[in-house]
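Let me begin by presenting the structure, written as structure tokens, before commenting on it.
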Amino acid sequence: MITLEEAKRIAAEWLDDISGCTEFTTAWSFYNPRTEHSIGGPDASVIVLKESGKRCGFTEFIHTYGGGEMIREIRF
């Protein structure tokens, strides 16, 4: 299990200017002002799985890992 700070560092390798995330039971979905309201494509949030630290897209998170229950919104 990784921490939120570790997950944020992983997400920052792919996404600049992270401004917040949505915490799910199984992952965090990180976003910046450009991607906050995006549903995919080149302007997509970055998912980091809590268990392994694996980075993936939202579609993979839902279809492969079953998603998770939303816990809270976190602003940085």
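Report the residue count in the range 1-10 for those that are under 17 Å from residue 72 (Cβ atoms) and not hydroxyl-bearing (Ser, Thr, Tyr). Even if it seems obvious, please write down each step before you answer.
Filtering the range 1-10 down to residues under 17 Å from residue 72 (Cβ atoms) leaves 3-5, 7-8.
With not hydroxyl-bearing (Ser, Thr, Tyr) added as a condition, the list becomes 4-5, 7-8.
So the answer is 4.
List the pairs whose first member sits in the range 53-76 and is farther than 11 Å from residue 21 by Cα and without any contact (Cβ under 8 Å) to a residue 40 or more places away in the chain, whose second member is aromatic (Phe, Trp, Tyr) and part of a loop (DSSP other than H, G, I, E, B), and whose Cβ atoms are under 9 Å apart, counting only residues at least 6 apart or on separate chains?
Hits for this filter: 54/65; 56/65.
Can you give me the number of residues within the range 22-63 that are assigned to a loop (DSSP other than H, G, I, E, B), modelled with pLDDT under 95 and surrounded by 12 or more Cβ atoms within 10 Å (Cβ to Cβ)? Steps first, answer last, please.
Of the residues in the range 22-63, the ones assigned to a loop (DSSP other than H, G, I, E, B) are 25-26, 32-39, 41-42, 44-45, 50-54, 57.
Adding the requirement that they be modelled with pLDDT under 95 leaves 32-39, 41-42, 44-45, 57.
From what is left, the residues that are surrounded by 12 or more Cβ atoms within 10 Å (Cβ to Cβ) are 32, 34-36, 38, 44-45, 57.
Residues flagged as assigned to a loop (DSSP other than H, G, I, E, B), modelled with pLDDT under 95 and surrounded by 12 or more Cβ atoms within 10 Å (Cβ to Cβ) within the range 22-63 amount to 8.
The values are calculated or read from the model by the stated rules, or taken from the named source; none is laboratory data. Since the model is a prediction, treat every value here as computed from it, not as a measurement. Note: ideal-geometry Cβ built from the backbone for every residue, glycine included; neighbour counts use all protein chains shown.
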